Amino acid sequence: MDGYARLIEDNDSLRDLIQRWRSTTDSAAELLPTAARTLAATARAKDQVLYPAIRNHAPERAALVDEAERINAHVLGFLGQAVEIGPGGYAFVENVHEAIGAADGLLLHERRDLMPALREADWADGAVAEYLTVRETLSAEMPLERLIGGEGAGEGEGAGRA
């Protein structure tokens, strides 16, 4: 399977996770640790690997990458708020839904505006493989609070709070 097809498959699996997380208030709390970790590791890996690769190899898409980076920071901010508040806390569900709504919109934006740069590109397979490796490593090794807050997550990348 080429890099582009792997990225589409990854995009689909993330959208499935988001749909499950959106289904009920109970699932928002139940899926928080897994979903927050997955979305945060994905955001960090894209910031570290995928977005720079697209920016470097498809400079005509730089403004689209800027938008994706902005939305990524937004997702991390709302995830951070949800984790900080905790299930049952005031505005927990609202922060969860803001995070997953932004993440879902980002996945659509990437699929429409950024992923075409990876189709039939000679550098794409390597960038996608590196992105998936970084995401898996971050998800497995970095504490959720550091993933969301950005501490040690990448060079100069702070998510901020939304």
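The values are calculated or read from the model by the stated rules, or taken from the named source; none is laboratory data. Remember, it's a predicted structure, so these values are computed and weren't measured experimentally. Neighbour counts are summed over all protein chains in view; Cβ atoms, including those assigned to glycine, are modelled from backbone coordinates with ideal geometry. Just the protein is used for accessible areas: all its heavy atoms, side chains included, with ligands, DNA and RNA removed. Shrake-Rupley method; radii C 1.70, N 1.55, O 1.52, S 1.80 Å.
Cβ-Cβ below 6 Å, separation at least six or inter-chain, first residue in segment 58-75 and within 11 Å of Gly105 (Cβ to Cβ), second among the aromatic types (Phe, Trp, Tyr) and open to solvent by 70 Å² or more (accessible area, probe 1.4 Å): which pairs?
Partner pairs satisfying both residue conditions: none exist.
Looking at Ala82, Ala62 in this structure, which one is touching a helix residue (DSSP H, G or I) at 6+ places or on another chain (Cβ under 6 Å), at pLDDT 95 or above and not β-branched (Val, Ile, Thr)?
On inspection, the qualifying residue turns out to be Ala62.
Inside segment 20-29, can you point out the residues that are out of contact with any Pro (no Cβ under 8 Å at 6 or more places or on another chain), surrounded by fewer than 20 Cβ atoms within 10 Å (Cβ to Cβ) and in a helix (DSSP H, G or I)?
Arg20, Arg22, Thr25, Asp26, Ser27
Consider only pairs whose beta carbons are under 8 Å apart and that are at least six residues apart or on different chains; among these, list those whose first residue lies in segment 124-143 and is outside any helix (DSSP H, G or I) and whose second residue is surrounded by fewer than 18 Cβ atoms within 10 Å (Cβ to Cβ).
These pairs meet every condition: Met142/Gly152.
Restricting attention to segment 49-62, report how many residues are open to solvent by 80 Å² or more (accessible area, probe 1.4 Å) and either in contact with a Phe, Trp or Tyr (Cβ under 7 Å, 6 or more places away or on another chain) or under 14 Å from Tyr131 (Cβ atoms) (or both).
2
Just checking, does segment 51-62 include any residue being aromatic (Phe, Trp, Tyr), under 14 Å from the mean Cα position of the chain (by Cα) and over 19 Å from Gln19 (Cβ atoms)?
Among the residues of segment 51-62, at least one is aromatic (Phe, Trp, Tyr), under 14 Å from the mean Cα position of the chain (by Cα) and over 19 Å from Gln19 (Cβ atoms), which makes the answer yes.
Please pick out the residue among Arg37, Arg6, Arg44, Arg70 that is modelled with pLDDT of 95 or more and part of a helix (DSSP H, G or I).
Exactly one residue qualifies, and that residue is Arg70.
Filter segment 91-102 for residues that are open to solvent by 10 Å² or more (accessible area, probe 1.4 Å) and assigned to a helix (DSSP H, G or I); which is farthest from Asp66 (Cα to Cα)?
Val93
Report whether or not Val65 is open to solvent by 10 Å² or more (accessible area, probe 1.4 Å) and assigned to a helix (DSSP H, G or I).
No, not satisfied.
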